[in-house]
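Student: Right, I'll just put the structure down here and ask away after.
The values are calculated or read from the model by the stated rules, or taken from the named source; none is laboratory data. The structure presented is a predicted model; accordingly, all values stated were derived computationally and were not measured. We place every Cβ from the backbone using ideal geometry, glycine too, and count neighbours over all the protein chains shown. Protein only, heavy atoms only, side chains kept; ligands, DNA and RNA dropped before computing areas. Shrake-Rupley method; radii C 1.70, N 1.55, O 1.52, S 1.80 Å.
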Amino acid sequence: MRYLFGEYKVDINAEKTRLFYDKAKIITSGCKCDGCCNYEQASDYFPNEVKAFFEEIGVDLKKAAEIIPYAAQKEGKYMLYGGFYHICGTKESINDAWKPEGNAVHSQIFSLDEDEMYSIAENYKIGFSSYCNLLEDEFPMPAIQMEILFTSPWVLEKENPYR
């Protein structure tokens with residue numbers, strides 16, 4: 001199904017994506033750091049708009065390909081996360097979540113372009129890229145990568161170590 005998220009035009013096969021995520025492992029099966037553990041548990045408290053969005057495109061929130069705990073916020077009560085999920089589909093627009101650094105046409109250094117990201121709820125942004133990092137061997141093709149930039153609550157019953 002074709003979607004327009006801000007400037008991103010994507011064609012997503014939600015059923016193939018869902019079939020993959022039904023068998024995929026949760027993020028903490030590969031990493032037990034406090035950041036990943038918190039993200040997995042905090043996803044239960046994400047806004048309904050975020051949960052509905054992920055459900056619609058066939059992605060299980062707890063099964064990210066990569067989660068990156070960037071920084072604690074508001075005295076450790078919240079956490080800024082980056083990361084990405086893979087989706088079966090194609091990106092039809094030229095917009096990309098990653099932009100080359102500097103003025104060089106063939107730059108090898110890229111940064112996440114927050115201005116290009118689309119807000120699915122307050123403090124929950126997504127972006128898309130045709131390039132897929134850490135793509136699972138069994139992931140259905142064609143594949144695109146959905147970048148995230150989320151601020152989520154700190155829900156673990158321990159102090160946030162990223163303060």
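Student: Using Cα springs under 10 Å in a Gaussian network model of the chain, which residue among 149, 61, 135 shows the largest mean-square fluctuation?
Tutor: Comparing 149, 61, 135 in a Gaussian network model of the chain, the most mobile one is 135.
Student: Karplus couplings for segment 37-45 from phi (6.51 cos²θ - 1.76 cosθ + 1.60, θ = phi - 60°), rounded to Hz, Gly and Pro as x?
Tutor: 4, 5, 4, 4, 6, 5, 4, 5, 9
Student: What number, rounded to the nearest 500 deg cm²/dmol, is the helix-based mean residue ellipticity at 222 nm of the chain, given -39500 (n - 2.57) per DSSP H run of at least four residues and division by all its residues?
Tutor: Mean residue ellipticity at 222 nm (helix-derived): -5000 deg cm²/dmol.
Student: Let me ask another. Tell me, how many Å apart are the Cα centres for segment 1-79 and for segment 82-161?
Tutor: Result: 11 Å between the Cα centres.
Student: Which three lengths, in whole Å and largest first, does segment 105-163 cover when its Cα atoms are put on their principal axes?
Tutor: In descending order, the Cα extents are 42, 32, 24 Å.
Student: Quick one: which residues, 5 or more positions from residue 66 or on another chain, have an amide H under 5 Å from its amide H? H modelled 1.01 Å from N in the peptide plane, none for Pro or chain starts.
Tutor: Amide H neighbours of residue 66, under 5 Å, 5+ apart: 84.
Student: For residue 44 paired with residue 158, estimate the spin-label separation in nm (one decimal), with each label point 7 Å from Cα along the Cα-to-Cβ line.
Tutor: Modelled inter-label distance: 1.8 nm.
Student: Test of understanding: what is the full-extension gain from residue 22 to residue 123, defined as 0.36 nm times their sequence separation minus their Cα-Cα distance?
Tutor: The residue 22-residue 123 span can extend by a further 33.7 nm.
Student: Between residue 109 and residue 134, with labels modelled 7 Å along Cα→Cβ, what's the label distance in nm to one decimal, could you check?
Tutor: 2.3 nm
Student: Just 47, 140, 100 to compare: in a GNM of the chain, with alpha carbon springs under 10 Å, which one fluctuates most?
Tutor: Maximum among the listed residues: 100.
Student: What whole-number value in Å² describes the accessible area per residue of segment 1-159 for a 1.4 Å probe?
Tutor: Heavy-atom SASA per residue in segment 1-159 reads 55 Å².
Student: Turning to a different aspect of this structure: Considering lysine pairs in the chain that are 8 or more places apart or on different chains, how many have Cα atoms under 14 Å apart?
Tutor: Within the chain, the lysine pair count is 11.
Student: Further, regarding this structure: Taking percent of Cα pairs over 25 Å apart as the quantity of interest, determine which of (1) 23; (2) 35; (3) 30 was computed from the displayed structure.
Tutor: Read-out from the structure maps to (3).
Student: Pop out the carbon and sulfur fraction of the accessible area of segment 14-123 as a percent, whole number, probe 1.4 Å.
Tutor: So the carbon and sulfur contribution to the accessible surface is 50 percent.
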